[in-house]
Amino acid sequence: MSENRVVIYSNGIADFQRGYDLTAETPRRISIPVRQDHLADVLASFNVYGDVKLESPPTFRPSNELEGNLTIDPRRVLEDLAATLSGARVRIERAGGAVAGVLVGLHQESEATAGEPMESKSLVVLTDDGLRRCVLREVQSLKFLDEDVQAEIDKALRRNYQRIKPNSTFVELVLSTAEKQTEAVVQYTIPAAAWKISYRLRLAEGRATELQGFAIVDNNTDEDWTDFLVCVVTGEPITFSTDLAESKTPRRNRVNLVSETALGAAEAEGPVVVMGAEAEFGGGGDEDFDAPTGQGKFRKAAPTIAGRQMMMRQSRDMAPRAAAEMSRADIQEVGDFNLFESESPVTIPAKRSTVIPVFQVEQADAKSVLHYKHENHPERPYRSIDFTNQTGFSLGRGVCTVFEEAVYAGNCILPPLKPQENRLLPHALETGVSVHRNPKRQRNKIVALRLSEGCCYTSTRQHRETEYHVKNNRDVAHQLVLDHEYLLTEPDLEARLLQQGGDEPLAVAAKLTAGVRYSVSLAPMSELVVRVEEQRIDQSRMELITVSKQHEDFRIAWLEQNLVKTNGPLALDEGVQQCLAIHQQMEAKQEETTEAVRETERLAARQERLRQNIKAGGQDELTNRWRGELDAAEQSIRKIEEETIPALREEEKTLRTKLRDALRSLAAEWANVGV
């Protein structure tokens, strides 16, 4: 007996393998129903295996094969065809005999009756003997003799049919064999609903924790999956849609035989294993899920208040009991793909879903803890499961329902886990324990300085402190897992545990991507403080000489502000003091130069007044005196511009060179050895 198998990937691809029994006497025609928009996927993946011969290759109707202009109104078929297909060759059968010829069209006239006139419709046909009229109500059959016309009618009818069953088509082939009896396997892939995985995690005192996995499979196709081995895979092979199933005549472009450039290297990004979307069973009332053949039904009901109280009473009796035994799936791990295959064939009707049990294993190390992370909740920790994957195979991302002593304890998301990987699974908020996070202000302190080659190198210690005040208001002990997120970049850490007057160091339990994890024991009705100190040394470099295309600048002001005026450790350094002294001399020369320029401006203004006075005066003594003063001002301006200012600027240039050399010659350092 041939087996059918479907492999469903979590990215929405289904790989079908259909088995067909063949004998030597009779070739077997195979017709596979496929949606038209899935044809390209079938063609891209179609394979036939077995000791068989392909008598007829796979044929199909292109996805755009039904395009056409002919439409048929189902309510008035003959009238519609007669009006649309005028000129087509036809043969009409009627009670008075057959009529063959060219269809002219539809004729309509009124016939007199005893009452109201009656409309009579006739098909008009051009025969060898002329036009013949065939009353419409007497027509027994109408056949179109042109193949292309009949093909257009077939397309129009299939388009009408698609309104009932959209996109339906078939891939057809014929197989034969020389063997007395053999099996052929036809394989192809199509898009399908992605499967989801759902977990049950059961914790009970005195018993090992049980982890159950269920695959939620949706048959969203138009056909039943009858007696299929169902395999679900946690993997995402690359897939995309193409135009393989469309009939096209492409426009041709010119192609040069010699390429302008050679091909470069081609790179492909590696695949990432991702599970399907989370599955949640929500809603109220009763809800049935079809289960695989022989597995019964999974039933869920929303309990009433009385029902919940009964559940709590029953849970005390149920606590030592294990979950019902269920059938197991065959589990394989191939690379990054994890395969779960049903033990026996399953039947899933079209447009229905099912829940398939895939595994049930014991988890010896699973335990309940409290987990606090400020980002998740600023004041409360979450009840969580400290979970290590001890199944021996990889687990995919899925929703996990937690039961404690047979009582529902909440839901969580189980992330993808390789064997022996560990995760915390938060499933409920713990209202009996409060956490107050108190981050202190950052403190910065310079701990080292070094002056060298015109630069100042500074080492600054950054310090942050965070306190977590934890209070347990219940008479129950807990193990608290606390996640601390770094406030500084890659800091050195020191943590202290303060409780009942004691102070002891606290070790890091685990490193996180941007923080660390601590684990502390929380006694009943108790309080404690976790103090986390972060420190890092930040190195900075300040250039004391900056040069641009037009200007050279000295950061003496920064040196004075940060080292001298703060009475810093290098404030009295001989080289620093020398640089400050040279800079003061240079500033004094700059001020002298500025004052000389101002003097030339004052003299130039006086010259302008004297010229105006001379212009208004005559040949008297006063005017002659003005002429003398004008000449003296001109001589003073010439002396300042030609002698004084150039000399001052040369002196300033010498001092600038001296300061540059002094800054570059600085060599001093200091470190706070107590830090």
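The values are calculated or read from the model by the stated rules, or taken from the named source; none is laboratory data. Values in this document were obtained by computation on a predicted structure and should not be read as measured data. Here the Cβ positions follow ideal geometry from the backbone for every residue, glycine too, while neighbour counts run over all protein chains shown. Ligands, DNA and RNA are excluded from the accessible area calculation, which covers all protein heavy atoms including side chains. Shrake-Rupley method; radii C 1.70, N 1.55, O 1.52, S 1.80 Å.
Summary table below
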quantity	calculated
Stretchable slack from Ala98 to Met118, in nm (0.36 nm times residue separation minus alpha-carbon distance)	4.6 nm
Cα-Cα over 26 Å, subset of Lys53/Lys351; Lys351/Lys418; Lys445/Lys565	Lys53/Lys351; Lys351/Lys418
R0 of 41 Å, Cβ-Cβ distance Phe170-Val407: FRET efficiency to nearest 0.05	0.20
Distance between modelled label sites at Asn160 and Leu145, nm, 7 Å Cα→Cβ extension	2.4 nm
With all protein chains modelled, accessible area of Met542 [1.4 Å, Å²]	50 Å²
Mean accessible surface per residue for region 1-61, computed with a 1.4 Å probe while every protein chain stays in place, in Å²	51 Å²
Nearest-10 value in Å² for the accessible area of Glu669, using the 1.4 Å probe	140 Å²
Average accessible area per residue (Å²) across region 539-646 - probe 1.4 Å, nucleic acids and ligands excluded	67 Å²
Shape call, region 497-538: gyration tensor on alpha carbons, a/c limit 1.5	oblate
Lysines with Cα under 24 Å of Lys653, excluding same-chain neighbours fewer than 8 positions away	Lys549, Lys589, Lys639
Stretchable slack from Met525 to Glu552, in nm (0.36 nm times residue separation minus alpha-carbon distance)	2.8 nm
Lys53 paired with Ala350, simple spin-label distance in nm, labels 7 Å along Cα-to-beta-carbon	3.5 nm
Equivalent ellipsoid, region 93-228 (semi-axes from 5 times Cα gyration tensor eigenvalues, Å)	63, 25, 12
Carbon plus sulfur fraction of accessible area for region 429-550, probe 1.4 Å, in percent	43 percent
Charge sum, other residues only, whose C-beta stays under 15 Å from Ser176's C-beta, Lys/Arg counted +1 and Asp/Glu -1	-3
Rounded to the nearest 10 Å², the accessible area of Phe170 at probe 1.4 Å	100 Å²
Alpha-carbon gyration tensor eigenvalues x 5, square-rooted, for region 416-475, Å	44, 22, 7
In order through region 201-212: 3J(HN,Hα) via Karplus (6.51 cos²θ - 1.76 cosθ + 1.60), integer Hz, x for Gly, Pro	10, 10, 10, 8, 5, x, 9, 5, 5, 10, 10, 10
Distance in nm between pseudo-label sites at Arg137 and Thr431 (7 Å out along the Cβ direction from Cα)	8.1 nm
Among 191-204, 493-506, 588-601, the order from most to least packed when residues are scored by Cβ within 10 Å on average	191-204, 588-601, 493-506
